[in-house]
Amino acid sequence: MNEWNRTDLADFLDRKEIGLLYFYTPLCGTCQVASRMLQIVEELVEVETGKMNLNFYPDMAKNFAVESVPCLLIIRNGEVQEAIYAFHSVPFLLDKIKSYLG
């Protein structure tokens with residue numbers, strides 16, 4: 001999963017594609033587990049995915065209404081379709097993501 005900056009995010013949103021935006025903080029233990037789950041998901045589903053360290057982009061929390069980390073945003077056509085905070089399992093994430101890829 002590539003680390004995105006503001007330009008990468010803006011480019012992705014401008015393309016109006018389906019993709020995933022993952023917000024995390026490095027010292028969050030739950031984020032580390034969620035990151036590993038997303039690495040597996042990335043190998044199983046072809047979808048553009050980026051991650052952003054919320055410590056460097058606190059304004060993004062407000063812009064995207066991020067309530068806590070880890071947070072996975074499913075984005076389609078430049079708009080957030082769903083925010084996932086509970087990463088239950090890899091199969092759970094796959095089902096959620098595939099429902100948007102349909």
*Determine which single condition Phe92 fails, assuming it passes every other condition in (1) assigned to a helix (DSSP H, G or I); (2) closer than 23 Å to Asn5 by Cα; (3) modelled with pLDDT of 95 or more.*
(2)
*asked:* Checking the conditions here, which among Lys51, Lys62 is in contact with a strand residue (DSSP E or B) (Cβ under 6 Å, 6 or more places away or on another chain) and within 24 Å of Asp11 (Cβ to Cβ)?
replied: Lys51
_So Gly50 ticks every box in (1) among the small types (Gly, Ala, Ser); (2) in contact with a Leu (Cβ under 8 Å, 6 or more places away or on another chain); (3) more than 18 Å from Lys98 (Cα to Cα) but one. Which box is left unticked?_
(3)
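Here's the yes/no breakdown for (1) charged (D, E, K, R); (2) over 18 Å from Leu101 (Cα atoms):
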position	(1), (2)
Leu27	no, yes
Cys31	no, yes
Ile40	no, no
Leu44	no, no
Pro70	no, yes
Arg76	yes, no
Glu79	yes, no
Val90	no, no
*Test Tyr100 against the criterion of being in contact (Cβ under 8 Å) with a residue 60 or more places away in the chain, in contact with an Asp or Glu (Cβ under 8 Å, 6 or more places away or on another chain) and aromatic (Phe, Trp, Tyr), and give yes or no.*
yes
*From (1) in a strand (DSSP E or B); (2) loosely packed, with under 13 Cβ neighbours inside 10 Å, pick out the condition that doesn't hold for Asp11.*
(1)
*State whether the residues of the stretch 65-79 include one that is surrounded by 12 or more Cβ atoms within 10 Å (Cβ to Cβ), part of a helix (DSSP H, G or I) and either among the hydroxyl-bearing types (Ser, Thr, Tyr) or in contact with a helix residue (DSSP H, G or I) (Cβ under 6 Å, 6 or more places away or on another chain) (or both).*
no
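The values are calculated or read from the model by the stated rules, or taken from the named source; none is laboratory data. Since this is a predicted model, take the numbers as computed values, not measurements. Counting neighbours? That spans all protein chains shown, and the Cβs are built from the backbone with ideal geometry, glycine included.
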